[in-house]
Amino acid sequence: MKIIGLRSSSDLAAKVAKQLHSELVMPEERRFPDGELYVRCDSDLSGEDVFIIGNTHTDAEIIEMILTLSAVRDYAVKSVNIIAPYYGYARQHQRYRRGEPISSQILTEIFASYSRSIATVDIHDEQTLSYSKVKFTDLHADRSIVDFYRHVDIDYVVSPDDGGLDRVKHVAEALGKKYFYIEKKRIDDRTVEMKAPDIDLKGKNVLILDDIISTGGTIAKSSAILRQKGASRIYVSAIHGLFVNSSESKILENADEIHVTDTVAGKYSDISVYQVVCDYITGTHA
Ligand code: R5P
């Protein structure tokens with residue numbers, strides 16, 4: 001078995017390869033003068049089960065994944081498998097208006113044509129899994145979050161909307177803590193109203209947990225509401241931390257600490273999902 005680490009996930013891929021005692025291959029990459037990407041895998045992959053670990057979020061990452069899928073086909077590999085810790089375009093998993101693409105469908109169809117399996121971590125909506133003709137597994141990072149917070153003094157785990165309640169319930173129960181969600185009501189295109197239940201949070205420590213921090217608006221507003229209700233220490237966590245336009249600064253106006261997983265590498269990604277990925281590889285491809 002060989003692990004290929006793409007640029008977006010090189011640290012995570014290195015941890016996985018180390019844990020599995022497998023060789024880590026980092027493809028050579030450079031840009032042609034006109035900006036196009038050149039990729040080469042200079043490692044003998046013949047007869048190997050190959051796992052390519054890399055996100056498919058930015059357009060550059062998608063091209064990198066597609067070119068790498070083609071590059072490994074130059075060797076007589078046993079199988080090619082994609083692990084995209086953060087699966088991009090999953091929020092456009094359906095047509096909302098006439099004339100739109102189903103973005104996650106077209107990308108999944110391309111990836112599935114060149115691989116034996118696909119896996120990701122906490123995809124935004126599981127409908128995308130149905131677009132794949134090969135096995136497409138959605139892994140869950142809850143246990144990485146639980147391990148991280150096991151010895152942290154927390155009273156409540158909070159979901160910033162009802163959609164994330166299952167994850168929050170699972171994490172809270174594993175930690176032996178109470179939980180609740182903030183009601184999120186869309187008033188119009190631009191206005192969202194958020195309201196926490198009537199619980200006294202004076203002197204309480206809370207962990208707000210979401211699937212994605214993108215613009216940070218949801219988490220920033222949740223933190224402000226919980227602070228107003230008297231929360232003492234506010235921890236913020238998410239599976240995927242995108243932090244569009246340095247949104248961490250508005251989150252930290254009220255939150256005390258931010259910890260996200262390393263599905264997307266960054267300053268706050270100090271919760272690793274490598275064990276979840278390793279268990280998936282050994283469990284399904286041993
Ligand atoms: C919503 O369905 C998601 O669970 C997140 O709450 C949302 O994507 C976060 O986005 P933002 O950081 O832009 O508020």
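The table below lists the values:
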read-out: Matching option when the condition is closer than 21 Å to Thr261 by Cβ and under 26 Å from the mean Cα position of the chain (by Cα), among Ile208, Ile225, Ile182; value: Ile208
read-out: Matching option when the condition is in contact with a strand residue (DSSP E or B) (Cβ under 7 Å, 6 or more places away or on another chain), away from the ligand (no atom under 15 Å from the Cβ) and of a type in the set (A, V, I, L, M, F, W, C), among Ala112, Ala76; value: Ala112
read-out: Leading residue by the ranking (modelled with the lowest pLDDT) among those in segment 190-211 that are part of a loop (DSSP other than H, G, I, E, B) and buried (at least 17 other Cβ atoms within 10 Å of the Cβ); value: Ala196
read-out: Given (1) closer than 30 Å to Val80 by Cα; (2) of a type outside the set (Asp, Glu); (3) assigned to a helix (DSSP H, G or I), index of the condition Ala174 fails; value: (1)
read-out: Leading residue by the ranking (nearest to Val236 (Cα to Cα)) among those in segment 202-213 that are of a type in the set (D, E, K, R) and more than 10 Å from the ligand (Cβ to nearest atom); value: Lys204
read-out: Matching residues in segment 129-160 - criterion: being over 29 Å from Gln105 (Cα atoms) and not β-branched (Val, Ile, Thr); value: Asp147, Phe148, Tyr149, Arg150, His151, Asp153, Asp155, Tyr156
read-out: Given (1) closer than 20 Å to Thr284 by Cα; (2) assigned to a loop (DSSP other than H, G, I, E, B), number of the condition Ile118 does not satisfy; value: (2)
read-out: Residue under evaluation Gly216, criteria (1) within 16 Å of the ligand (Cβ to nearest atom); (2) closer than 20 Å to Arg167 by Cα; (3) in contact with a strand residue (DSSP E or B) (Cβ under 6 Å, 6 or more places away or on another chain), criterion not met; value: (3)
read-out: Pair list, Cβ under 6 Å, 6 or more apart: segment 2-18 residue more than 16 Å from Glu64 (Cβ to Cβ) and in contact (Cβ under 8 Å) with a residue 12 or more places away in the chain, other residue assigned to a helix (DSSP H, G or I) and not basic (Lys, Arg); value: Lys15/Tyr274; Val16/Tyr274; Val16/Val277; Val16/Cys278
read-out: Residue list for segment 102-119, restricted to those being closer than 18 Å to Lys78 by Cβ and of a type in the set (Phe, Trp, Tyr); value: Tyr114
read-out: Search result, residues across segment 226-268 that are part of a loop (DSSP other than H, G, I, E, B) and within 11 Å of the ligand (Cβ to nearest atom); value: Leu242, Phe243, Ser247
read-out: Matching entry among Ile145, Ile187 (being surrounded by 19 or more Cβ atoms within 10 Å (Cβ to Cβ), farther than 20 Å from His57 by Cβ and within 16 Å of the ligand (Cβ to nearest atom)); value: Ile145
read-out: Qualifying residues in segment 148-171 (those that are among the β-branched types (Val, Ile, Thr) and over 13 Å from Ala238 (Cα atoms)) - the one farthest from the ligand (Cβ to nearest atom); value: Val152
read-out: Residues of segment 212-225 satisfying the condition of being in a helix (DSSP H, G or I), surrounded by 24 or more Cβ atoms within 10 Å (Cβ to Cβ) and in contact (Cβ under 8 Å) with a residue 40 or more places away in the chain; value: Ile219, Ser222
read-out: Residue match in segment 42-53 (condition: under 16 Å from Ala265 (Cα atoms) and in a loop (DSSP other than H, G, I, E, B)); value: no
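Conditions tested, residue by residue: (1) under 25 Å from Thr128 (Cα atoms); (2) in contact with a Gly (Cβ under 8 Å, 6 or more places away or on another chain); (3) among the basic types (Lys, Arg).
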residue: Arg30; (1), (2), (3): no, no, yes
residue: Gly35; (1), (2), (3): no, no, no
residue: Arg40; (1), (2), (3): no, no, yes
residue: Gly47; (1), (2), (3): no, no, no
residue: Val50; (1), (2), (3): yes, no, no
residue: Ile53; (1), (2), (3): yes, yes, no
residue: Asn81; (1), (2), (3): yes, no, no
residue: Ala90; (1), (2), (3): yes, no, no
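The values are calculated or read from the model by the stated rules, or taken from the named source; none is laboratory data. Please read all numbers here as calculations on a predicted model, not as lab measurements. A quick note on method: Cβ atoms are made from the backbone with ideal geometry, for glycine too, and the neighbour counts reach across all protein chains shown.
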